[in-house]
Each structure stands twice: as C-alpha cells, then as structure tokens.
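Peer 1: A single structure is presented below for examination.
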Amino acid sequence: MNTRQAEARPIWKNHREETFVAKKAKKLKLKTHRGAAKRFKITSTGKVMRMHSGKRHLLGTKKANRMRRLKKMKLVHPADAGNVHKMLPYG
C-alpha cells in the first residue's frame, strides 16, 4: 500500500465516537451559609435586614428610648449586601 493512500483514508480509533452524545451536566445546588441565615433576613423586595448590636449586657445603663431603637431591624449597607446575597442564594 502506498503511503499517500494511507494518509487520505480516515482512521477511526473507536466506532462509538461518532454516535456518543454527551449528557448535559447537572447544575449543583448552592449551599446556604448557616451563620448568615441566622443573622440576616431578605425582604420581598430583595433588601437585606440585620439586627442591631449592643443588647446582650450592661442593659441597666442604656436608656429605654435607645433600647427601643436597638430592637428594630436595620438595612445592611449596600456595599455589604452583595456578599450577604452570595451567602444566601435562595433568600
């Protein structure tokens, strides 16, 4: 056989290569950061809320008006909200 004829013919390594159809890879579920889930709540409009700090001890020195303010939820700063959304993918 001539070397030119051998080069012209296609060489099939495996007869299954032509008929093989790749399966579509499943998209994995994302895990929620459990510490963030306990600290932050996401509103229906997508804003991130957090609790105030400073309510654990030395409560006798804090005025009632200040304690009422600290009870309420506060918006997370927009610079930090993106990181919280990454930790709470389904929130």
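Where a number appears in this text, it was derived from the coordinates with a stated rule and is not lab data. Note that the structure is a prediction, hence the values are computed from the model and not measured. Positions of Cβ are backbone-derived with ideal geometry, glycine not excepted, and every protein chain shown enters the neighbour counts.
Peer 1: Largest first, please: the extent of the C-alpha atoms of the stretch 31-91 along each principal axis, to the nearest Å.
Peer 2: Here the spans come out as 40, 21, 19 Å, largest first.
Peer 1: Once the Cβ-Cβ distance between ALA64 and HIS85 is put in as r, and R0 is 41 Å, what FRET efficiency do you end up with, to the nearest 0.05?
Peer 2: 0.70
Peer 1: How compact is the stretch 17-63 by the rule of thumb for globular proteins, expressed as Cα Rg over 2.2 N^0.38 Å? Walk me through the numbers before you get to the answer.
Peer 2: Values: Rg = 23.2 Å, N = 47, 2.2 N^0.38 = 9.5 Å.
My calculation over the Cα atoms of the stretch 17-63 gives 2.44.
Peer 1: Still on this structure: Distance check, please: which entries in LYS41/LYS86; LYS41/LYS72; LYS26/LYS86; LYS55/LYS86; LYS29/LYS72 exceed 24 angstrom between their Cα atoms? It would help to have the intermediate numbers written out before the result.
Peer 2: Numbers: LYS41/LYS86 13 Å; LYS41/LYS72 13 Å; LYS26/LYS86 20 Å; LYS55/LYS86 28 Å; LYS29/LYS72 33 Å.
Beyond 24 Å: LYS55/LYS86; LYS29/LYS72.
Peer 1: Starting from the stretch 14-91, pick out the chymotrypsin sites (Phe, Trp or Tyr not before Pro) whose DSSP state is loop and whose Cβ has at most 12 other Cβ atoms within 10 Å.
Peer 2: Hits after loop and neighbour filter: PHE20, TYR90.
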